[in-house]
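Remarks on the structure that follows.
All of the numbers you see were taken from the coordinates with simple rules; none came from a lab. Keep in mind the model is a prediction, meaning the values are calculated, not measured. Here the Cβ positions follow ideal geometry from the backbone for every residue, glycine too, while neighbour counts run over all protein chains shown.
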Amino acid sequence: MSKTPYIEQAFPEGEYHGRLARLRARLSQEGLDALIIHAPEDINYLIGFNSCGYYSYQHLLIGADPSVDCFFTRIVEIGIVRATTVIKDAVYWTDWDDHIAMAADSMRKKGLGKARIGIQETSLYLSVRDWRRFETLLAGVDFVDASGLLPRLRLVKSPLEIDRMRRAGRITDAGLEAGLATIAAGRRECELAAAVYQAMFAMGGEPPSYPGTFTSGPRTCFLHGMATERRLERGDLVVMEPMGCYQRYNTNAIRTAVIGSPSPKAAEAHRLMEESVLTCTELVRPGILAEEVDQLCRKITSKFAANRLHRSGYSLEIGYAPGFVGALDLRQGDKTPLEAGMIISIEPNTTFADEGWGVQLGNCVLVTDKGHEVLHHTPIELARF
């Protein structure tokens, strides 16, 4: 067998080192000696680690001083650590170890027993029980919530990241086109989902950070409805929101179709959503505030304001299930200025829960130096079958 190390890094090492340098600069600005990172998307972003085993305890420790850096993870991940990461120091725990005690001891050995350390209090992957043990075992540490630090750093994508997002957009389109081609009375929602996933994986996609929504008829008022065995019927609206994923970068696009003819109200709702998506896309450029996109979106769809239960969009990021939404929201109160390199969704979805139907539509849009670029090319008009 070959002794040549197998390497599977998504980016050149310089890309990761640049990200780490930007994080260290922020740590110094915030007066933090180190940051403990539990979110798998942040760990991937910084060192390249890519495993579906993130349900087990792991953390990445990054210091203002690089000598502090260490990745702490389960021993079963050793092969992936060696193949995908740029980290030099890794500590592994086994299934019979007290991993939290080991993690605390590892930090003390790094000289952090009395340090000021940032922690991601909003992470899904740091349990209350583990957090309480950290506080007890590292009683001399001044822990500071730094949950928003990395998500904000990730908002503006590098040229290499934008390439991945464009590829994810093409993968999403392939799924949408396959799903639309499968729509017919008598087909099941799960058959649409199967066609979408087959097309996306055939295009080089990978398991997305969100399973996607596939709803029909009375289920179209389910904003987050997954595919079932319900059979499509004549007169049904059909909603699909596949998520294409490439090297953990995700894009979603949403389309609504109808088998037969839509009701006048559904046709009008979709027409206003089309206008909203197109007009808001034209607004996108550097300097526009996130809330300004939302304001325009709601103005156009104001006739159905009571049925707009959803923000008008958000930033899209590197991610692992269940997360793919970034730090920016298209909603009132988010005054984040758009910058070149950000990627947002625009999706003015309407839900008529009392009437048992809904219409959804959305695209992902890249903010460029001079304006914007739409990442999807599947027509947004109401598709009729």
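The distance separating the Cα centre of segment 334-378 from that of segment 222-274 comes to 15 Å. Taking amide H atoms as placed 1.01 Å from N in the peptide plane, the amide H of Glu206 lies under 5 Å from those of Cys245, each 5 or more residues away in sequence or on another chain. For segment 101-151, the spherically averaged projection of the C-alpha convex hull amounts to 3.6 nm². For the cross-link pairs Lys265/Lys335; Lys303/Lys335; Lys114/Lys335; Lys88/Lys335; Lys265/Lys370; Lys3/Lys110, which exceed 28 Å when the distance is taken from alpha carbon to alpha carbon? Where the Cα-Cα span goes over 28 Å, the pairs concerned are Lys265/Lys335; Lys114/Lys335; Lys88/Lys335; Lys265/Lys370; Lys3/Lys110. Given the choices [x] 22.6, 69; [y] 23.2, 83; [z] 19.2, 57, Rg and Dmax of the Cα atoms in Å derived from the coordinates of this structure is entry [x]. Computed across segment 117-178, the Kirkwood radius stands at 14.9 Å (inverse of mean 1/r, all Cα pairs). Rounded, prolate or oblate: which one fits segment 322-385, using the alpha carbon gyration tensor with axes a ≥ b ≥ c (rounded when a/c is under 1.5, else prolate when a/b beats b/c, else oblate)? Because a/c hits 1.5 or more and a/b fails to exceed b/c, segment 322-385 counts as oblate.
Using a ≥ b ≥ c from the Cα gyration tensor of segment 13-153 (square roots of the eigenvalues), is it rounded, prolate or oblate, where a/c under 1.5 gives rounded and otherwise the larger of a/b and b/c decides, a/b for prolate? Judged from the Cα gyration tensor, segment 13-153 comes out rounded (a/c under 1.5).
Annotation note: chymotrypsin sites (Phe, Trp or Tyr not before Pro) in segment 15-96 located in DSSP loop regions with a Cβ neighbour count of at most 13 within 10 Å are Tyr55, Trp96. The charge dipole of the chain, taken about the Cα centre with unit charges on the Cβ atoms of Lys, Arg (+1) and Asp, Glu (-1), comes to about 100 debye, rounded to the nearest 20. Phi angles across segment 262-271 convert, under the Karplus curve 6.51 cos²θ - 1.76 cosθ + 1.60 with θ = phi - 60°, into 3J(HN,Hα) values of x, 5, x, 5, 5, 5, 5, 4, 5, 4 Hz, Gly and Pro given as x.
Shape class for segment 159-384: oblate, because the ratio a/c of the largest to smallest gyration tensor axis (alpha-carbon atoms, square roots of eigenvalues) is 1.5 or more and b/c is at least a/b.
The protection proxy used here, the mean number of other Cβ atoms lying within 10 Å of each residue, ranks peptides 82-91, 246-255 as follows, highest first: 246-255, 82-91. Here is how the number arises for the chain: DSSP H runs of 4 or more residues each give -39500 (n - 2.57), the sum is divided by the residue count, and the result at 222 nm is -10500 deg cm²/dmol. Applying a DSSP loop filter and a limit of 11 other Cβ atoms within 10 Å to the GluC sites (Glu not before Pro) in segment 69-135 leaves nothing.
Net charge within 9 Å of Glu189 by Cβ-Cβ distance, Lys/Arg positive one each and Asp/Glu negative one each, not counting Glu189 itself? Within the 9 Å Cβ shell, the charges total +3. When the chain is treated as a GNM with alpha-carbon contacts under 10 Å, the residue of Gly53, Gly313, Gly169 showing the greatest mean-square fluctuation is Gly53. Across the options Pro218, Met200, Cys190, the greatest Cα extent toward the positive end of the charge dipole of segment 186-240 (unit charges at beta carbon of Lys, Arg, Asp, Glu) belongs to Pro218. Each Lys and Arg adds +1 at its Cβ and each Asp and Glu adds -1 at its Cβ; summed about the Cα centre, segment 159-384 shows a dipole of about 320 debye. Applied to segment 245-254, the Karplus parametrisation 6.51 cos²θ - 1.76 cosθ + 1.60 on θ = phi - 60° returns per-residue 3J(HN,Hα) values of 9, 9, 6, 6, 8, 10, 9, 10, 9, 10 Hz, with x for Gly and Pro.
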